[in-house]
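Taken together, the values in this text are just the output of simple stated rules run on the coordinates, not laboratory data. Being a predicted model, the structure only gives us computed values, none of them experimental. Backbone-built Cβ (ideal geometry, glycine too); neighbour counts: all protein chains shown.
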Amino acid sequence: MTPQTESEVKTLEAIADRFFRFTLWSQPAYPTSHDAKSITRLVENHCLAVREPNSPNVIQFTERCRLFLGRDVKTVELEAVVTECFSHLDALFFFGLLNRRVSVFHGGGTRSLVKLHFFTNGNEDVAGLFDKFRAAIGISLVGGLGLGDLLVVLVHEMVHAWLEIFSDATCAEHYSWVKRYRRHGEMFQRLFRFVVERVGALVPGDLLQNRILVWLNKMDWQVRQNSSWWDCFVSAVIP
Ligand SMILES: [Zn+2]
């Protein structure tokens, strides 16, 4: 990594380390910019999948996905497989920051910055969600989505986590970049498309590729509608 990139990642590490000690009125000035466009470009230009496309981490991700997608994964296994992919995707695209161990407020020990959990009951139309206050990604196993869809949903929620935890909310463009369309603004769309297309390029075969196209088409459709009711992956509107 270049010194500039290292400095940008260090800023994000500092944000992660104080996330659970965060107070709105004591936001420190960081040495490098971390607006949504800066941290989107950071991923696009410097994440491990781009920087070292032949690294063991990238090759292992490709091999594991090929293995998982090639067999009939039962519901019980889905949780383990998606959890493993969460770790791989974090290392490949998000500098390992979503899984970074951070201190919790009031001597609560440490935890992974972002937690991943699964829900097996509730509204079957909702495929995933990200809760910023709990720093938690929820993936639904209610609607019976297959592994290909769940991977895309996972990427979607990881992009929410990335932008909502790390981007500078005081930036003048924050609304249009992040918050618009119920948190699916311009940088959300750009980064989601980037990561999911890169994942598609890393994992051979039509199965995942077809599901990625479906979800990207759905996003484009929502943008064309200029939708104000856009929700995270409402399965009922899958084209
Ligand atoms: Zn969403």
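Which of Ser38, Cys65, Pro3 sits closest to the plus end of the dipole of the stretch 1-65, meaning its Cα is farthest towards the positive end, when Lys and Arg get +1 and Asp and Glu get -1 on the C-beta?
Of the options given, the answer is Ser38.
Which residue, Ile139, Ile59, Ile15, tops the fluctuation ranking in a GNM of the chain built on C-alpha contacts under 10 Å?
Between Ile139, Ile59, Ile15, it is Ile59 that shows the largest mean-square fluctuation.
Among Arg66, Arg134, Arg224, which one shows the biggest mean-square fluctuation in a GNM of the chain, springs joining Cα atoms closer than 10 Å?
Arg224
Cut-off is 10 Å between beta-carbons; in what order do His160, His34 appear when sorted fewest neighbours first?
His34, His160
Shape verdict for the stretch 157-225, please, from the Cα gyration tensor: rounded (a/c under 1.5), prolate (a/b greater than b/c) or oblate.
The shape class here is oblate.
Looking only at Ser55, Ser103, Ser33, which one moves most when the chain is put into a Gaussian network model with springs between Cα atoms under 10 Å?
Ranking Ser55, Ser103, Ser33 by mean-square fluctuation puts Ser55 first.
Taking the Cα centroid of the stretch 104-120 and of the stretch 40-94, what is the distance between the two, rounded to the nearest whole Å?
A separation of 21 Å, based on Cα centres.
Can you tell me the relative contact order of the chain? Whole percent, Cα pairs under 8 Å, sequence separation 6 or more.
21 percent
What stretch of the chain, leaving out the sites themselves, is the longest with no chymotrypsin sites (Phe, Trp or Tyr not before Pro) in a DSSP loop having at most 11 other Cβ atoms within 10 Å?
Between exposed loop sites, the widest span is 134-228.
What does the charge dipole of the stretch 1-158 about its Cα centre add up to, to the nearest 20 debye, if the Cβ of each Lys and Arg holds +1 and the Cβ of each Asp and Glu holds -1?
In debye, rounded to 20, the stretch 1-158 gives about 460.
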